[in-house]
Amino acid sequence: MAILPGSTLGMLGGGQLGRMFVVAARTMGYDVIVLDPDPASPAGGLASQHLAQAYDDREALDYLAQHCAVVTTEFENIPADTLSYLARSVSVHPSAEALQVAQHRLLEKDFFREQGLDTAAFLAVENEADIVNAIDFNFPAILKTATLGYDGKGQVVCEDFEELAKAFQQLGSKPCVLEQRIDLACEVSVVLGRSVSGEVTCFPIAENRHANGILDVTLVPARISDVLAAKALDAATRIANGLDYCGVLAVEFFISTDGRVLVNEMAPRPHNSGHYTNDACVTSQFEQQVRMVCDLPAGSCHLHSPVAMLNLLGDIWPAEDIPAWDEVLSEDMAKLHLYGKKEARPGRKMGHINCLGVTREDASSLLEKVRKLLN
Ligand SMILES: Nc1ncnc2c1ncn2[C@@H]1O[C@H](COP(=O)(O)OP(=O)(O)OP(=O)(O)O)[C@@H](O)[C@H]1O
Ligand SMILES: [Mg+2]
């Protein structure tokens with residue numbers, strides 16, 4: 001049964017994704033209770049209520065279960081126990097099972113393969129003894145920790161087999177995945193919504209450029225052929241169906257120079273590469289998350305304008321000053337989003353700007369202009 005405006009929704013995690021969910025949900029007339037241990041979390045201040053408790057705090061979880069019609073998440077590393085505990089007394093979307101797959105690179109890659117999808121060649125390096133198995137691996141490769149990696153953290157490039165042992169130590173001798181480094185033509189992502197009853201609605205494919213392992217720019221429409229686009233949409237849909245997923249799911253892809261569509265990883269939540277939907281689509285990915293978890297029909301994913309999204313990292317904050325927002329805001333097609341984080345640290349995601357244009361080229365050149373204003 002649909003959960004209608006006036007109801008209260010629970011959000012596990014209070015980062016920027018939670019914040020934008022809160023904005024979307026409250027705009028639609030819902031109340032949101034956020035659980036995040038950080039008293040200064042970006043979502044907490046905008047929520048109807050913020051529980052600044054640990055994710056495994058039973059009292060806080062019981063409170064959520066009692067007061068919310070449904071609980072969702074913005075953070076894939078919520079302990080699976082938290083979700084299964086909640087699921088005993090309140091509906092939880094996405095499921096603990098879907099999160100568990102997304103939390104572990106090996107489980108995730110095995111799952112992609114089971115769905116018949118291509119990934120970069122990989123090998124489990126879970127301990128010291130596994131290292132010799134990589135003797136015939138196709139280097140250069142990237143060693144990635146199996147859990148808790150984000151924004152390129154927990155990754156070391158290995159040019160050859162000789163570098164592997166050191167890389168493994170560098171990553172704390174924790175379970176890892178060794179992954180072949182792909183010659184990239186480009187990277188794309190698909191953000192989709194899947195309803196309680198299994199209907200899938202995809203946003204337009206996003207083309208993503210990274211700098212130092214962190215998303216820098218998203219361009220939509222993506223500059224890829226219809227054939228490659230169809231493959232990516234089909235793969236993302238298969239993943240969502242295979243997980244019997246409910247909510248918003250993002251799937252990242254590598255497009256190799258030899259024209260293969262390789263699944264990189266997934267995120268069981270809205271995604272940085274879907275922030276363009278805030279200003280360029282009829283429905284944002286955050287409104288879609290509200291609609292999906294509340295068992296409402298999907299909103300239109302129609303793109304009403306080409307768009308280039310620029311991520312704003314803490315690096316651009318001048319010492320003891322603020323960036324030139326006045327100049328950015330004098331660009332009437334640039335839409336500024338800030339996450340309310342008090343401290344700007346290098347590499348920290350502080351906000352983003354959606355640059356709209358009549359054409360993709362207009363959007364891109366506005367992005368470059370805005371980037372200059374801020375640097
Ligand atoms: N096998 C690979 N071949 C080529 N480039 C890669 C490979 N693995 C990672 N990269 C580059 O590093 C970026 C980050 O990698 P990945 O998506 O695995 O990391 P992450 O830390 O989980 O990032 P996030 O969760 O923030 O997306 C990729 O988007 C890509 O640009
Ligand atoms: Mg990634």
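The values are calculated or read from the model by the stated rules, or taken from the named source; none is laboratory data. Predicted, not measured: the structure shown is a model, and the values here were computed from it. Heads up, the Cβs are rebuilt from the backbone with ideal geometry, glycines too, and the neighbour counts pull from every protein chain shown.
Scan the range 243-260 and tell me whether some residue there is within 16 Å of ligand 1 (Cβ to nearest atom) and in a helix (DSSP H, G or I). Steps first, answer last, please.
The first filter runs over the range 243-260 and keeps only residues within 16 Å of ligand 1 (Cβ to nearest atom), leaving 248-260.
Those left that are additionally in a helix (DSSP H, G or I): none.
No, there is no match, as no residue in the range 243-260 is within 16 Å of ligand 1 (Cβ to nearest atom) and in a helix (DSSP H, G or I).
Given (1) touching a Phe, Trp or Tyr at 6+ places or on another chain (Cβ under 6 Å); (2) more than 16 Å from ligand 1 (Cβ to nearest atom), where does V263 come up short, assuming only one miss?
So the condition that V263 fails would be (2).
Could you say which residue among V370, V358, V328 is among the hydrophobic types (A, V, I, L, M, F, W, C), farther than 29 Å from G10 by Cα and assigned to a loop (DSSP other than H, G, I, E, B)? Lay out the reasoning, then the answer.
Working: V370 fails: assigned to a loop (DSSP other than H, G, I, E, B); V328 fails: assigned to a loop (DSSP other than H, G, I, E, B).
When all the criteria are applied, what remains is V358.
Report, ordered by the first and then the second residue, all pairs with beta carbons closer than 6 Å, sequence separation of six or more or different chains, a first member in the range 35-49 that is farther than 15 Å from E74 by Cβ, and a second member that is modelled with pLDDT of 95 or more.
From residues that are farther than 15 Å from E74 by Cβ, the pairs are P39/A52; S48/D31; S48/V32; Q49/I33.
Are any residues in the range 277-309 closer than 14 Å to L338 by Cα and crowded, with 23+ Cβ neighbours inside 10 Å, and if so, which ones?
Once the filter is applied, which keeps residues that are closer than 14 Å to L338 by Cα and crowded, with 23+ Cβ neighbours inside 10 Å, the range 277-309 yields only M309.
Given the residues T119, T145, which is the only one that is within 15 Å of ligand 1 (Cβ to nearest atom), β-branched (V, I, T) and in contact with a Gly (Cβ under 8 Å, 6 or more places away or on another chain)? It would help to see each step written out before you state the result.
Values: T119 fails: in contact with a Gly (Cβ under 8 Å, 6 or more places away or on another chain).
Just one listed residue meets the conditions, T145.
Are there any pairs, at least 6 apart or on different chains, whose C-beta atoms fall under 6 Å, with the first in the range 88-110 and closer than 21 Å to Y63 by Cβ and the second part of a helix (DSSP H, G or I) and polar (S, T, N, Q), and if so, which?
Sorted first by the residue in the range 88-110, then by its partner, the pairs are A96/S84.
Quick check on my filter: what residues within the range 122-142 are within 12 Å of ligand 1 (Cβ to nearest atom) and farther than 30 Å from D234 by Cα?
none
One line per residue, one yes/no per condition, for (1) more than 16 Å from the chain's Cα centre (by Cα); (2) touching a residue at least 60 places away in the same chain (Cβ under 8 Å); (3) within 14 Å of ligand 2 (Cβ to nearest atom):
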{"position": "S225", "(1), (2), (3)": "yes, no, no"}
{"position": "A229", "(1), (2), (3)": "yes, no, no"}
{"position": "Y245", "(1), (2), (3)": "no, yes, no"}
{"position": "E265", "(1), (2), (3)": "no, yes, yes"}
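Given the conditions (1) more than 13 Å from C202 (Cα to Cα); (2) within 14 Å of ligand 2 (Cβ to nearest atom), report the number of the one that V251 does not fulfil.
(1)
Which of the residues belonging to the range 261-292 are in a loop (DSSP other than H, G, I, E, B) and either of a type in the set (S, T, N, Q) or within 26 Å of A146 (Cα to Cα) (or both)? Steps first, answer last, please.
Here is the first cut: in the range 261-292, the residues in a loop (DSSP other than H, G, I, E, B) are 268-271, 275-276, 282-284.
Answer for the range 261-292, where residues must be in a loop (DSSP other than H, G, I, E, B) and either of a type in the set (S, T, N, Q) or within 26 Å of A146 (Cα to Cα) (or both): P268, R269, P270, H271, T283, S284.
Looking at the range 110-162, which of the residues that are touching a Ser or Thr at 6+ places or on another chain (Cβ under 9 Å) and closer than 21 Å to S256 by Cβ is surrounded by the most Cβ atoms within 10 Å (Cβ to Cβ)?
Filtering the range 110-162 for residues touching a Ser or Thr at 6+ places or on another chain (Cβ under 9 Å) gives 112-113, 120, 127-128, 153-155.
Now drop any that are not closer than 21 Å to S256 by Cβ, which leaves 112-113, 120, 155.
Working: F112: 23, R113: 13, A120: 19, Q155: 17.
Residue satisfying both the conditions and the ranking: F112.
Could you give every pair whose Cβ atoms fall below 9 Å, whose first residue belongs to the range 327-346 and is closer than 12 Å to L367 by Cα, and whose second residue is basic (K, R) and surrounded by fewer than 18 Cβ atoms within 10 Å (Cβ to Cβ), counting only separations of at least 6 or pairs across chains?
E331/K369; A334/K369
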